[in-house]
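Worksheet: the structure to be examined is printed underneath.
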Amino acid sequence: MRDRDERPAGRGRRRRWPWIVGGAAAALAAFGVVLTLVFQFGLAWWSGDGDRNHIHVSQDGAQQHYQVHLPPQHDGSAKLPVMMAIHGCGMTGFGWNSMKDTTQFNALADREGFIVVYPTQRIFENSINCWNSADPRNQIRGAGEPALLAGVAQEVVETYGADPDRVHVSGASSGAGAAVILGVTYPDVFATVTSVAGGEYGLNQVDPDDPDATPPSVTGRQAWAQMGDRARPVPLLVVQGGRDDVVPPIVGERLVEHWSAVLDLVDDGVLDDSLGLRAETVAHPARGERYGHEQTTFRSPEGDVLIEYVLAAELAHSWPNPDGEGLFTDIAGPNVTEIAWRFAQLHD
């Protein structure tokens, strides 16, 4: 008769398997969480001089992470302007493949003396970290992503004593869509908007196979209506790549038409070309390894620049910057970081 304490060989090892498997699964899950956090927010040593990390909490408890870069000129003696830079799909604000590294706004801010803000999409809000600008719930004032991003901008102004009349926003791809939406929903917060590889307000209503079925004037009326009694002529810079297969040139062209309609409606409530915008195109030739681009400026009769359209025929779905770093940077294109800042300065 076998002693009751005697166990068949291997039984103890078999009983440990569930613990081993469970421990491995927990370790993998923890590793996945760590990778996600690094992707979203980077590592401590990725932050440079003047970088400050914050969390904005909305009235309903939603949290929005963002990083602020303060230039050396931030000494409390003057109210500095602000540039919010909103990343695109597959990117982050200040983590891995970040808008910070792609645009290199920090270096320009240190030279020119302005504050930069990099919001990063909330974890698990989108499978590839896009901003959900195609969702109608994120196209209205006082809710969703527009409320969070506008809240961030207002928080930065209050926290760092920035100039509330010189808060600008630039976006790439889905972030460009978010930037245009901010210009519509919060024209009282953002002075100018820059869209790089982005589209019009309400672009989700446009059928790519039959875009003419929804003219830009239709979405333009919706944008104007959303502005409400806050409506004003928000200046817009549009940057479009001729080789962009994700956001094809027709989307950029529509955005210019769309915003022209918005401005026309803001002026007198009627689509009658009352502003009399005049277009002037300047060709910037290729230089060395840098390819050229065309820049079309739409001015009012008084000379105010209300829309600027930069078309780079060789540009794909990227933010062009000769010093940029990241998956969606084109170092051979025009320096859109500087172009966006120069456009913002026209309206300071």
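The values are calculated or read from the model by the stated rules, or taken from the named source; none is laboratory data. Bear in mind that the values here come from a model prediction, so they are computed numbers and not experimental data. Neighbour counts run over all protein chains shown; Cβ positions are idealised from the backbone, glycine included.
Numbers at a glance
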| read-out | value |
| --- | --- |
| Verdict on Val180 being outside any helix (DSSP H, G or I), β-branched (Val, Ile, Thr) and either at positive phi or in contact with a Ser or Thr (Cβ under 8 Å, 6 or more places away or on another chain) (or both) | no |
| Members of the range 286-307 found to be within 22 Å of Ala191 (Cβ to Cβ), part of a strand (DSSP E or B) and not β-branched (Val, Ile, Thr), listed by number | Gln295, Phe298, Arg299, Leu306 |
| Among (1) of a type in the set (D, E, K, R); (2) surrounded by 16 or more Cβ atoms within 10 Å (Cβ to Cβ); (3) within 18 Å of Ile339 (Cβ to Cβ), the one test that Glu280 misses | (2) |
| Residue match in the range 211-230 (condition: modelled with pLDDT of 95 or more, out of contact with any Lys or Arg (no Cβ under 6 Å at 6 or more places or on another chain), under 25 Å from Glu338 (Cβ atoms) and not basic (Lys, Arg)) | no |
| Matching residues, the range 186-221, being hydrophobic (A, V, I, L, M, F, W, C), within 15 Å of the chain's Cα centre (by Cα) and either buried (at least 24 other Cβ atoms within 10 Å of the Cβ) or outside any loop (DSSP other than H, G, I, E, B) (or both) | Val193, Val196, Ala197 |
| Filter pass, Thr281 being assigned to a strand (DSSP E or B) and either on the phi > 0 side of the Ramachandran plot or of a type in the set (Ser, Thr, Tyr) (or both) | yes |
| The range 143-168, residues that are over 13 Å from Val189 (Cα atoms) and within 13 Å of the chain's Cα centre (by Cα) | Glu145 |
| Some residue of the range 76-93 being at pLDDT 95 or above, crowded, with 17+ Cβ neighbours inside 10 Å and of a type in the set (Lys, Arg) | no |
| Gln240, sole failed condition from (1) at pLDDT 95 or above; (2) more than 22 Å from Gly171 (Cα to Cα) | (2) |
| Helices (runs of 4 or more DSSP H) lying entirely in the range 96-165 (those with 2 or more residues that are touching a Lys or Arg at 6+ places or on another chain (Cβ under 9 Å) and either polar (S, T, N, Q) or surrounded by 18 or more Cβ atoms within 10 Å (Cβ to Cβ) (or both)) | 144-160 |
| Residues being in a helix (DSSP H, G or I) and of a type outside the set (Phe, Trp, Tyr) - total across the range 330-344 | 7 |
| Filter result (in a strand (DSSP E or B) and surrounded by 23 or more Cβ atoms within 10 Å (Cβ to Cβ)) within the range 308-329 | Glu308, Val310, Ala312, Trp319, Pro320 |
| Gly276 being part of a loop (DSSP other than H, G, I, E, B) and over 27 Å from Ala213 (Cα atoms) | no |
| The listed residue being under 19 Å from Pro320 (Cα atoms), in contact (Cβ under 8 Å) with a residue 40 or more places away in the chain and buried (at least 24 other Cβ atoms within 10 Å of the Cβ), out of Gly175, Gly183 | Gly175 |
